[in-house]
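The values are calculated or read from the model by the stated rules, or taken from the named source; none is laboratory data. In this text, all values refer to a predicted model and were calculated from it rather than measured experimentally. Here the Cβ is made from the backbone with ideal geometry for all residues, glycine too, and neighbour counts use every protein chain on show. Keep in mind that these areas ignore ligands, DNA and RNA; they rest on the heavy atoms of the full protein, side chains included. Shrake-Rupley method; radii C 1.70, N 1.55, O 1.52, S 1.80 Å.
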Amino acid sequence: MGKTNEIRGLTDMEAIKYRVVYEIIGKRLKKRQGAEELGISVRQVGRLIKKVRKEGPIGLIHGLVGKVGN
């Protein structure tokens, strides 16, 4: 588990993803460059962009956070 970024309530990795997606949305970074920086595919970057546009930074938080396990 990563440390929590207290400013946004995101883990360090989620905060990095948000920064990269924000740069792509602002046209300061290309999808391919963002994908390389995050170590994911260009297609997955597109999915992250879609989630951030729809839900904001909260969209990057893992879906099972806060849910009770088995």
*asked:* Probe radius 1.4 Å, ligands and nucleic acids ignored: give me the carbon and sulfur share of the accessible area of the chain as a rounded percent.
replied: 52 percent
*For the chain, accessible area per residue (1.4 Å probe, heavy atoms of protein chains only), Å²*: 79 Å²
*Simple label model, 7 Å out from Cα along Cβ direction - residue 47 to residue 25, nm*: 1.9 nm
*Only Lys, Arg, Asp and Glu count, each charged at its Cβ (+1, +1, -1, -1), so figure out the dipole size of region 5-64 about its Cα centre, rounded to 20 debye.*
480 debye
*Would you compute, for the Cα atoms of the chain, the largest minus smallest coordinate along each principal axis and list the three values in descending order, in whole Å?*
39, 25, 22
*In whole Hz, what ³J(HN,Hα) sequence does region 32-42 give by Karplus (6.51, -1.76, 1.60; θ = phi - 60°), x for Gly and Pro?*
5, 5, x, 4, 5, 5, 8, x, 10, 7, 4
*residue 17: which lysines have alpha carbons under 21 Å from its alpha carbon, excluding same-chain residues fewer than 8 sequence positions away?*
3, 27, 30, 31, 50, 51, 54
*When the helix-only estimate is applied to the chain (DSSP H runs of n ≥ 4, each -39,500 (n - 2.57), divided by the residue count), what is the mean residue ellipticity at 222 nm, nearest 500 deg cm²/dmol?*
-16000 deg cm²/dmol
*For residue 11, list long-range residues whose amide hydrogen, built 1.01 Å from N in the peptide plane, is under 5 Å from its own amide hydrogen.*
5
_12 Å beta-carbon shell around residue 40, net charge (K/R +1, D/E -1)_ = +3
